[in-house]
Amino acid sequence: MTINPAVRQYYIEVDQAELGEHRGDWGRLQDALAAKWGLTDLQIELRVLRTLQATLRQCKWKVTVTVWHEREVIDVQPGYVEGTYGLAVDIGSTTVAGYLCDLRTGEILATESLMNPQVVYGEDLMSRISYAVEHSDGLERMHKAIIDTLNKLSAQAARSAGIRARTIHEAVFVGNTTMVHLLLGIHPVELGGAPFALANRDGMDVSAREMGLRLHPGARVHVLPAEAGHVGADNVGALIAEEPYKRDEITLLVDVGTNAEIVLGNREWMFSASSPTGPAFEGAQIKHGMRAAPGAIERVRVDPISQEPRFRVIGEERWSDEWDLSPEAALSSQPKMLAAGICGSGIIEVVAELFLAGVLLANGRFNPNCHSPRLRWDTPQGAYELATAEQTTNGQPLLITQSDMRNIQLAKAALYAGAKLLMNRAKIKQVDRVILAGSFGSYIDTKHAMILGLIPNCDLAHVHAVGNAAGDGARIALLNKQKRTEAQTLVEWVTYVETAVDPMFQEEFANAIHLPHASDPYPHIAELLPKPPPLANNGTSRRTRQTVLNRQPQSELANEQ
């Protein structure tokens, strides 16, 4: 990574004032900076000018000057001083992740993350836009919530690094367009419907003090540019971090989240889109779903013969089949953590594993011909008992319901349909590489993601999870100001595809509901997929269809008919 920050410090010795010499102390400082460091046409903040004379005389005209973008003096300190710091932040719909960096070396001094408090006003973007529209103080509440969170995050990061938040001289923020509007106090109403107009697409520099951020008094915040109404600065951050536009191979870059942002292309062309996947991948809309925290089931395996599950929870390294829950068991044999719920990575794996084991059919319904004791039919649509009462924190079985399956199918279909529309636009049938970004993308097992049909067919060796690429991009832009210029050029080059009004979206979405897909082939995992049951003339299994009909409520049958 090239280190070329926008904020630098310069040690300088300034000519003392003399009788008959009328340049003024600011003029003398300008001349000294030009002579030694080649800095010209500088400006100075009034706040700094007010204390300049006392500072110069305090240390016999020897000072350290902090300059932003080689054009504005934001601090003058007596004597020789070292230490410029910056904060890179990815403002996600669910999580706010920050990286405190040394601007001289590029070293990450602290990493902090907090929940985005705006979730109480809506779990997805459209819910928050609706809240801002329907409540006169909605925008103000959500704006204050994110500013307070950023102040808390910067204070925690500074404390972890052993510095003061007031010594953070610059910040770079990325986030989806709705998050950026709320951050800046701009009403997001125009993002709620066609043509999804942005207040501003370009990158911008804003005074941190004006935003209410408790950083250095002269600190600036740079917000990376956006591509379109629902492909924001976070996607641009992921782009400059992974640089698919510098490769020959066709890359599909997917930032998996509440609103999935998708980019497809190579050095010759690039398309982007967004897909409203909803919060199911983050544990919401799932009966026993929870965020990734201690006690959350994060890994699942289902035996294809016995159809018995085993799982692993965050906070306990051993799999559940290694636990000894008997009263006489030694303490070392007992699990440190019981299952409290299931998080996104576990949800993806349990759906894929149940499909591979024959418990789940390709249409997403539980297999009525499955005789596993784990498959319970005491609910109208069935449920699978993933964890027994003895394995959970509340003493109740942890069930995966038919509704859970449907919510995951809807989320994965939205993501796949968005990617497929870009492939159709590019007139390609195959991608060479798939990159899964986002904090959630870090924990997705690539094989299970493909079995689920979350991503198009690709050689699994070329499918990679890269973590929080948006946060990496923010950090790169913080440490290298040239990347900000590169980001601006990118957003003007990438072609945005509006999936919401594409006439093929519904068809692609419907086909992608199936596991892994109703018609698109998956040759790279073909040997892993179960064989479909014999079909009747209407395209469904005779026995399956009759059993499902017998078990469906009459209201659901009427809707289906």
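The values are calculated or read from the model by the stated rules, or taken from the named source; none is laboratory data. Worth saying up front: this structure is predicted, and the values here are computed from it rather than measured. A quick note on method: Cβ atoms are made from the backbone with ideal geometry, for glycine too, and the neighbour counts reach across all protein chains shown. Side chains are part of the model used for accessible areas, which takes the heavy atoms of the whole protein and leaves out ligands, DNA and RNA. Shrake-Rupley method; radii C 1.70, N 1.55, O 1.52, S 1.80 Å.
Observations, loosely collected:
- Among (1) touching a helix residue (DSSP H, G or I) at 6+ places or on another chain (Cβ under 8 Å); (2) in contact (Cβ under 8 Å) with a residue 40 or more places away in the chain; (3) more than 30 Å from residue 278 (Cα to Cα), the one test that residue 87 misses: (3)
- Filtered residue count, segment 229-245, keeping only those that are aromatic (Phe, Trp, Tyr) and either farther than 19 Å from residue 464 by Cα or not in a helix (DSSP H, G or I) (or both): 0
- Test: residue in segment 270-286 that is among the charged types (D, E, K, R), open to solvent by 60 Å² or more (accessible area, probe 1.4 Å) and on the phi < 0 side of the Ramachandran plot: no
- Filtering segment 320-334 for residues that are in a loop (DSSP other than H, G, I, E, B), within 22 Å of residue 384 (Cβ to Cβ) and without any contact (Cβ under 8 Å) to a residue 40 or more places away in the chain leaves an empty set.
- In segment 277-296, the residues that are closer than 16 Å to residue 444 by Cβ and at pLDDT 75 or above reach residues that are of a type in the set (Ser, Thr, Tyr) and open to solvent by 20 Å² or more (accessible area, probe 1.4 Å) with C-beta atoms within less than 8 angstrom, at least six apart or across chains, in these pairs: 292/443.
- When residues of segment 11-25 are limited to those that are open to solvent by 20 Å² or more (accessible area, probe 1.4 Å) and either part of a strand (DSSP E or B) or at pLDDT 95 or above (or both), the one nearest to residue 171 (Cα to Cα): 11
- Selection within segment 53-111 - within 20 Å of residue 36 (Cα to Cα), outside any loop (DSSP other than H, G, I, E, B) and either under 37 Å from the mean Cα position of the chain (by Cα) or of a type in the set (A, V, I, L, M, F, W, C) (or both): 56, 63, 65, 66, 67, 68, 72, 73, 74, 75, 76
- Residue that is nearest to residue 290 (Cα to Cα) [pool: residues in segment 443-459 that are open to solvent by 50 Å² or more (accessible area, probe 1.4 Å) and part of a helix (DSSP H, G or I)]: 443
- In segment 297-315, the residues that are under 19 Å from residue 355 (Cα atoms), part of a strand (DSSP E or B) and in contact (Cβ under 8 Å) with a residue 24 or more places away in the chain: 297, 298, 299, 300, 301, 302, 309, 311
- Residue-level analysis places residue 465 outside the set of residues that are more than 26 Å from residue 174 (Cα to Cα) and open to solvent by 20 Å² or more (accessible area, probe 1.4 Å).
- Within segment 390-403, tally of residues that are open to solvent by less than 30 Å² (accessible area, probe 1.4 Å) and over 15 Å from residue 359 (Cβ atoms): 3
- In segment 452-467, the residues that are under 11 Å from residue 522 (Cα atoms) form Cβ pairs under 8 Å with partners that are open to solvent by 50 Å² or more (accessible area, probe 1.4 Å) and assigned to a loop (DSSP other than H, G, I, E, B), at six or more places apart or across chains, as follows: 453/514; 456/430; 457/430; 457/521; 458/430; 458/432.
- Number of positions in segment 297-322 that are open to solvent by less than 50 Å² (accessible area, probe 1.4 Å) and in contact with a helix residue (DSSP H, G or I) (Cβ under 7 Å, 6 or more places away or on another chain): 7
- Criterion (more than 19 Å from residue 346 (Cα to Cα) and touching a residue at least 40 places away in the same chain (Cβ under 8 Å)) met by exactly one of 414, 387: 414
- For segment 474-516, a residue qualifies if it is of a type in the set (Val, Ile, Thr) and open to solvent by less than 40 Å² (accessible area, probe 1.4 Å), and the qualifying residues are 476, 491, 494, 497, 499, 513.
- Per the listing 54, 97, 88, the residue uniquely of a type in the set (Gly, Ala, Ser) and open to solvent by 20 Å² or more (accessible area, probe 1.4 Å) is 54.
- Residue that is nearest to residue 229 (Cα to Cα) [pool: residues in segment 488-510 that are without any contact (Cβ under 8 Å) to a residue 60 or more places away in the chain and of a type in the set (S, T, N, Q)]: 489
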